[in-house]
Every structure is written in structure tokens, then in C-alpha cells.
Amino acid sequence: MAREFTGAEIVIKALAEQGVEHLFGYPGGAVLPIYDEIFQQNSFQHILVRHEQGALHAAEGYARSTGEVGVALVTSGPGATNAVTGLTDAMLDSIPLICITGQVPTALIGMDAFQEADVVGITRPCTKHNYLVKHIDDLAKTIHEAFYIARTGRPGPVVIDIPKDIQFASGPYQSPKKVGHSTYRPQLKGDQNDIRKAVELIAAAKRPVFYTGGGVINSGSAASQLLIELVKMTDIPITSTLMGLGAFPASERQWLGMLGMHGTYEANLAMHDCDLMINIGARFDDRITGRLDAFSPNSTKIHVDIDKSSINKTVKVDLPIIGDVAHVLEDLLRIWKDKSPKQNSKARAAWWQQIDRWREKKCLSYKPDAEKIMPQLAIERLYELTKHEDTYITTEVGQHQMWAAQYYRFEEPKRFMTSGGLGTMGYGLPAALGVQVAHPDSLVIDIGGDGSVQMTMQEMSTAVQHGLPIKIFILNNSYLGMVRQWQELLHGGRYSHSYSEAIPDFVKLAEAYGGVGIRAEKPDELDDAIKEMISVDKPVLFDCMVQNLANCFPMIPSGEAHNHMLLADSEDIGSAISEKGKVLV
Amino acid sequence: MNTPQQTVGSAYFITKDSDKEESHTLSVLVDNEPGVLARVIGLIAGRGYNIDSLTVSEISHQKHISRITLVTIGTPQVIEQITHQLERLIPVHRVYDLTAGGPHIERELALVKVIGKGDARVEALRLAEAFRALVADASTEHFVFQITGRPTKIDQFISLMKPLGLVNVARTGIAAVSRGAEQI
Ligand SMILES: Cc1ncc(C[n+]2csc(CCOP(=O)(O)OP(=O)(O)O)c2C)c(N)n1
Ligand SMILES: [Mg+2]
């Protein structure tokens, strides 16, 4: 007879066999048997966080910066409900995660037992899939299947809810079987005829643009390489969503910058005026399209996506190609090289001239300030002083996030971790933890806001305990700045509850946690302070006091099309949005 | 391709879809595992789609496969979304849009309770015979008719029973398969 193991042992064995090296978690009654096994093993390291939300975001940062599955372990009831924000975040940004939750013993399920919550019910809409394991014989198979589902196709979070009696029960262990699933079969290869059509459309286009997204990064490093090859070969301008930054190097001449609500003038106008849009791994999110009925009105649209439900969801496309980005690009490049089609060089030259005229607007310029640090300057200096380091950037959510996306220039995929779909304040600090765990010798910086960092600040304690020298670079404007900006635009400058009166002294706070606090208040202090931050081998809270009423531009206001952008020098932003636009968000 | 209109749109898309709404019958083959119906219904409710009719039953005991037949209303774009969103659920084998797929058969069963005396009672029984409804239960005061057929036929029968003492109806929802020698 095959050897039997306890459920808790099976969990550990299965994680080890899945190649898990790090686990972010928080103990409690319903996961004690698993914690007992963690104590007695050394195949992976457990990082004790301070709040379950932190464990999930750390696992997300880990996953995004490595391409591996991030793993979290939490207890039943409140442990699981605290994980919900992180699960939803991972769902919207397609991040591969496994979250193991403890559950009350099977016999008590449904009895309103202590720390019972209907975890599969609560997490059904915010996971790619979830399981309640009711039989010990299913446990190993379920864990392996969960990893397969999390990492393949369009990645996403998977919850495995394990009742405490199952953790104690004995049963057989099974290694992962051959990959595959009876009902879940993601399509990797695109339709060859459609790819051929795409080649023809691209060659014939007069004003084409690549619009790329997080799908390129999720598809793996090969996808980025193929994208670079394709863009350089065709010499077509390229823009990307927030989630796709880094897949194409920002230093290349074809790069137009990010598009969308706070995208560059040239990227948004190229999207609006193009005759062919080639969407690769992006999903026509509403922050990108703005007003849908005026979104790129005269273009033919190609859409490459691994998820069929992304096709025609908001924007009707002319040529959908279902498949994995790397697979599709590989075929596309091969067909292109076979045919070596002739492109319309005259039209293309005119298109580039047009783009250069848009670039001349210098939409990211801002008024310098001799006294106060402009937030844009802070990011520019941070970029200049860290670009030669092995740097990873995470962000919180707000103005600082958009400034990070605009002014930090990403050259490689997996270097930028941000909460795009859910827009979760408090994401960046724990995400930085996860990145630092995966890349212990790299420089990991969370570009934060004074509001956001207070949502998950307690993870500083985790950073200190585990010797993770993350750098929290706070653009401190004493405001919930993005809220304030919208109130200025939409609500007559009535700053209802967007000013923070009692922001902690971040320098002292850092010291209280056992980290290092650094403050910069004047532009001429900035460079030295940043250099100091880089040189410190401890967690740092960097309090960068910035001009507190600066706004984030360019901006496409609510209810407007891509060609109606507010630029930095717009005078009266209070009247920029129409009455109808004000009721929209 | 989108055509520009005069209306003010939104960062959140709330302009009206001008396409006509259609009723579609979808056949969803799923693994019959715990919670699968909750996944299907939760998805439809969560994304704001309509359900007009829903039936579920296991169709292969050995393979643990259930067939969910649902009737939904939406524009062609919404129907396509519903189909693809359902296919995204892990335990879903396939979703067939029977309406888009061509001719198909839809049948429903209803139990219709009518209470009455005298002429109304006689008339109810006469109509039931005309509709080939069976008498599933009866007393001197009531009938329970069992009627099967297309949903429109059942609608019609029910509306005819209204003035004749209709007190209650139970309908099963629609079961549907494609016509001809196809597998669906
Ligand atoms: C958890 C959560 N709550 C509320 C919001 C809404 N929100 C978006 S940006 C923002 C302000 C963020 O302030 P801060 O972190 O100081 O960044 P700033 O915009 O000032 O750079 C708020 C409240 C959110 N995105 N997430
Ligand atoms: Mg702020």
C-alpha cells in the first residue's frame, strides 16, 4: 500500500513539488496543522506578514516580477476575508496566485462556527477558480490542478479552501499528472489564416499603431523580444497600457509613451487618428478608450488576446486572433519574413511626421519650481539616479502612480508592478516586499502617496523582520491628491475630505519600525537624499515633500474623446468638463 | 468600427447600445460538481445579464455531466459576451447558442391549477383537451392540468385558463436540443 500522509503534509509536499520557494502568510486556528508542517520543513521560506491583504499583494509582486505563481496562506474567516482585496486585484490584473485558506472542520461547515466564512461563495467572483476540499483523497490533485489553472491561459488567482479536519486526515499523495484538464483548455496558437490576414493589414496600413497591454508581459519574456523585433522591423509606433509598461523599451524611437486617461498627447492622438490599430494583449479598458463612441473612429482593429471574452466586450474589432501573445507573434513574424511584404513607405513617412508634430507639444512638460519639489521632478530624478541599478518599481494608487508611469522609463518587462484594474491603494508597499523576496539583491522601490502607504504601512514591520530593504518613496502632498484633482475638475474645488491633517512623521515612523527615514523638502536636497536612500541597506521611508496642489496631466476628462485632452498649461480646469460629463466618473 | 455620435460618452461607458435585443437559448454543458450552478448564476447576476428561463439536470450519470439550458435576452454583442464568459468558467465544457445555431426544439412542461364550477369547469376541461393537456389531479372543485409543448403554447393555455378559475402555475423552464442529426 502506498504511504499515507496527513493533509498538512500533502500541502507541503505539493507546494514543494510545484517549485514554490516562498510563501506569504499569516497563521490562525484553522491552518495550525499546516503551520506545524512549515515549522518542520526547509523546502520553502515562509514570510510572516502583518495583515492578510499584505500577503496577497506581496504574492502578486512576487508573481509579476518573476512570472512564477505567487502563493499565500491565510486562516479561515477573517483571514480569508482580509485576502479578498488582493484576490480581486489579482483577478483584474491577471496575476497568477494560489491562496490557501483554512476552513472550519467539514462537520461544522454551515453551522456559523467560530471563524467560519463561506469562502468559496465570497471568492467565487474574484478568483479564476476556487475549491473547497472535502476529501483527503482529492487534496494533492486539487493543489496541482490549482497551480495549472493559475499559471496557464489568462493567469489569475485560485483559492483552495481546506477544512481543518482534512489537514489532520491521512491519505495518499499524488504527483502532478500530465498537464491537461478535461474542460479547461486554453488556446495558445492563433488561427493561421487570421494571422496571415493581419500581416496583410499591417503591410497595407498607412497610419498603423501598436496598442499593447499586460498580456505581453504575462506571456513571458519571449513575447517582449518578439514584440521588439516586430516593432523595429515594421517601424510602427507603439503605445501601451499601464499594465504593459516595460514590454517595449521606453528608449526606442517607436515608443510613444503610455496611452489612456493620463497618457501622452502623441499616444492618444495616434490611437484616435490611426487607420489600423493592432491590439496585442490589452483589453480596451475604460481608462484607455475614454468615450467609446468616439474611440478611434476610423481604424480597422486587430485584437490578439488569449481570452475570448475580451473580444468585442467593449469595442468591436475587425480581426480577432485568439491565442497566446508569444505564439501569435512568433507565427506573425515567420509569415512576415516569408512574404516580406512591401509597406507603404510614403504614407508611413507622413505618419511619422505627424507623430513628430504631436511630440513637439511636449505634453509632459511642467512648470519648474525653485522652492518646492515638483512631483514630476521627483520621479525624473529618481529615474535618473536609479536607471543604471537593477531596479524594480511598484506603486500605490493616485497621482503619484500616474506620474511614475509617465516619468519613470521602463526598459524591460516585469520591472513595473502596479494595481491597474482594481486601483488598490496600499498595493505597492507589500508588493515591493514580494518583489524584494524574489530579487534579494535588487533595488526595489515603491513609489507611494501619503494616503496610500498608510493603508498597508504595517508591512514595514515585515520588511524589518525579514531583512527586506525596500524603499518607500512617498510623494507627500498632504492630499488624497487624485481625489483632490477630480474635485477641482468636477466639484468646484470643494475639497471634501481629501486633505489629510494628521499625516504621521514618516521619518520617525520609519525609525519606530526599525527602518531608516529620509526627508527631502527642497529641490536642491533631492539628489543627495535619493542617493542616500539607494545606499541604505535597510527598509526606508522616504518622505518627499512635494508641491501639494500639482495636477496630473495630460488628462482626458470624463465624457471626452482621445483628441480632447487637457494639457498642463490649460488655464481653467474647473470648467473643462461638460455638465453631462460631470455625472460620469 | 465605431461611428462618432453627438452624445457625451464616459470614461465609464454608459451610452445606449442601439442594437436590438434578442432572445437566445443557450445550452451549457458542465461538470456536475458542487457549486457549478452557483458559478453560472453568479456570473450572470454579477455581470448584469438577464435570465428568462433556466433548467438544470444531470444528463450523463457516468461522466457527471449536467446540461443547463438558459434563455437570455440581450443584444448580439451581449449574447456573445455571455457565451464567452460562461466558457471561461473552469467546469464548463461548452456553450452552444441554439438560437444562433439554427433550428432547434424547445419544450416545457407546466402544471396548471384551475378551481371552478359549472360552465367554467366544463370549458376548462374542453380547452385542456384541445391543447392535449392531461388531467394530473382533479376533485369536484379543481383540476390540475399537465401541459407540455412550446413555451408559447403554454403561455396561450395559461391565458385562456385565467377567466376560468386559474389559481396557480408551476413551469419547468425550457429544455432544448438542436434539430437534425447533430450532436448538440
Ligand atoms: C482602497 C482604496 N480606497 C479609495 C480609493 C480612491 N482613491 C484613488 S486615488 C486616492 C488618493 C490617493 O492619495 P495618495 O496615496 O496620497 O496619492 P496622491 O494621489 O496624493 O498621489 C483615493 C482615495 C482607492 N483607489 N483605493
Ligand atoms: Mg497624496
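The values are calculated or read from the model by the stated rules, or taken from the named source; none is laboratory data. Keep in mind that what you see is a predicted model, and the values were worked out from it rather than measured. Virtual Cβ from ideal backbone geometry, glycine too; neighbours counted across all protein chains shown. Just the protein is used for accessible areas: all its heavy atoms, side chains included, with ligands, DNA and RNA removed. Shrake-Rupley method; radii C 1.70, N 1.55, O 1.52, S 1.80 Å.
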Kirkwood hydrodynamic radius of the stretch A:335-448, Cα pairs, Å: 16.9 Å
In chain A, if the dipole is taken from +1 on Lys/Arg beta carbons and -1 on Asp/Glu beta carbons about the Cα centre, which of A:Phe168, A:Gln436, A:Leu332 is farthest to the positive end? A:Leu332
B:Glu87-A:Asn42 FRET efficiency (beta carbon distance; Förster radius 35 Å; 0.05 resolution): 0.25
Relative to the present Cα-Cα distance, how much length would full extension add between A:Ile534 and A:Lys346 at 0.36 nm per residue of separation? 62.9 nm
To the nearest 10 degrees, the tilt of helix B:151-161 (Cα long axis) against the first principal axis of the alpha carbons of chain B is 40 degrees
Where the centre of each part is set by its Cα atoms, how far does the stretch A:229-265 sit from the stretch A:1-36, in angstrom? 43 Å
Sorted on mean Cβ neighbours within 10 Å (highest first), peptides A:136-144, A:284-292, A:189-197 come out as A:284-292, A:136-144, A:189-197
Where does each of A:Trp255, A:Trp403 land when they are ordered by accessible area, with a 1.4 Å probe and the largest first? A:Trp255, A:Trp403
Would you please give the residues with an amide H less than 5 Å from that of A:Leu132, counting only those at least 5 places away or on a separate chain, with H modeled from the backbone geometry? A:Asp161
Per-residue average of Cβ from other chains inside 10 Å of A:553-563: 2
Expressed in nanometres to one decimal, the distance between label points 7 Å along Cα→Cβ at A:Phe168 and B:Ser57 is 4.3 nm
Using the alpha-carbon centroid of each, what span in Å lies between the stretch A:434-497 and the stretch A:71-121? 26 Å
Convex hull volume per residue in cubic angstrom - Cα atoms of chain B: 180 Å³
Candidates B:Val92, B:Val114, B:Val122; GNM for chain B (alpha-carbon contacts under 10 Å) flags as most fluctuating B:Val122
The stretch B:162-184 scanned against label point 7 Å out from B:Ser139 along Cα→C-beta; backbone N under 15 Å for B:167-168
accessible surface per residue for the stretch A:138-276, probe 1.4 Å, DNA/RNA/ligands not counted, whole Å² -> 33 Å²
Net charge of Cβ neighbours under 11 Å - reference A:Thr127; Lys, Arg +1; Asp, Glu -1: +2
State the percent of C-alpha pairs, over all pairs in the stretch B:109-184, separated by a distance greater than 13 angstrom. 64 percent
Between B:His64 and A:Lys387, the FRET efficiency computed from the C-beta separation at R0 = 41 Å comes out, to the nearest 0.05, as 0.15
Excluding B:Ile68 itself, what net charge comes from residues whose Cβ is under 14 Å from its Cβ, given Lys and Arg +1 and Asp and Glu -1? -3
How do B:Asp137, A:Asp524 rank by accessible surface area computed with a 1.4 Å probe, from largest to smallest? A:Asp524, B:Asp137
Average beta carbon contacts from partner chains per residue of B:84-94, 10 Å cutoff: 5
How much length is gained if the chain between B:Ala45 and B:Thr75 is pulled fully straight, taking 0.36 nm per residue apart and subtracting their Cα-Cα distance, in nm to one decimal? 9.1 nm
Would you calculate a helix-derived [θ] at 222 nm for chain A, using -39,500 (n - 2.57) for each DSSP H run of n ≥ 4 and dividing by the full residue count, to the nearest 500? -11500 deg cm²/dmol
For the protein assembly as shown, build the charge dipole from Cβ charges (+1 Lys, Arg; -1 Asp, Glu) around the Cα centre, then report which of A:Cys126, A:Ser76, A:Ala282 sits farthest towards its positive end. A:Ala282
Dimensions of the stretch B:31-108 along principal axes (Cα, Å, largest first)? 37, 29, 20
Could you calculate the FRET efficiency of B:Val167 with A:Thr183 from 1/(1 + (r/R0)^6), where r is the beta carbon distance between them and R0 is 41 Å, rounded to 0.05? 0.40
With charges only on Cβ, +1 for K and R and -1 for D and E, what is the dipole size of the stretch A:1-157 about its Cα centre, in debye, rounded to 20? 320 debye
Leading residue at positive end of dipole, the protein assembly as shown (Cβ point charges), from A:Pro413, A:Ala146, A:Pro320: A:Pro320
Ordering of A:200-210, A:426-436 by packing [mean C-beta count within 10 Å, highest first]: A:426-436, A:200-210
Could you give the semi-axes, largest first, of the ellipsoid that matches the stretch A:223-322, computed as the square roots of 5 times the alpha carbon gyration tensor eigenvalues and rounded to whole Å? 20, 16, 13
Charge context of A:Met482, other residues only, Cβ under 15 angstrom, K/R +1, D/E -1: -1
With +1 assigned to the C-beta of every Lys and Arg and -1 to the C-beta of every Asp and Glu, and no other charges, what is the dipole magnitude of the protein assembly as shown about the Cα centre in debye, to the nearest 20? 2320 debye
If you fit an axis through the alpha-carbon atoms of helix B:118-130 and take the longest principal axis of the Cα set of chain B, what angle between them do you get, 0 to 90°, nearest 10? 50 degrees
Rounded to two decimals, what is Rg over Rh for the stretch A:96-182 when you use alpha-carbon atoms and the Kirkwood radius? 0.98
So what's the gap between the Cα centers of the stretch B:155-184 and the stretch A:355-429, to the nearest angstrom? 61 Å
Got a number for the accessible area of B:His93? Probe 1.4 Å, square angstrom, nearest 10. 50 Å²
Most to least accessible of A:Arg348, B:Arg126, A:Arg151, B:Arg121 (protein chains only, probe 1.4 Å): B:Arg126, A:Arg151, B:Arg121, A:Arg348
Under a Cβ-only charge scheme (Lys and Arg +1, Asp and Glu -1), can you give me the dipole magnitude of the stretch B:68-184 about the Cα centre, in debye to the nearest 20? 180 debye
Solvent-accessible area of A:Leu226, probe 1.4 Å, all protein chains present, reported in Å² to the nearest ten, please. 30 Å²
Each residue of B:35-46 has, on average, a number of other protein chain C-beta atoms within 10 Å of its C-beta equal to 2
Rg to Rh for the protein assembly as shown: what is it, with Cα atoms only and Rh by Kirkwood? 1.02
Of the listed pairs A:Lys339/B:Lys20; A:Lys313/A:Lys342; A:Lys301/A:Lys342; A:Lys164/A:Lys538; A:Lys164/A:Lys414; A:Lys178/A:Lys313, which have alpha-carbon separations greater than 31 Å here? A:Lys339/B:Lys20; A:Lys313/A:Lys342; A:Lys164/A:Lys538; A:Lys164/A:Lys414; A:Lys178/A:Lys313
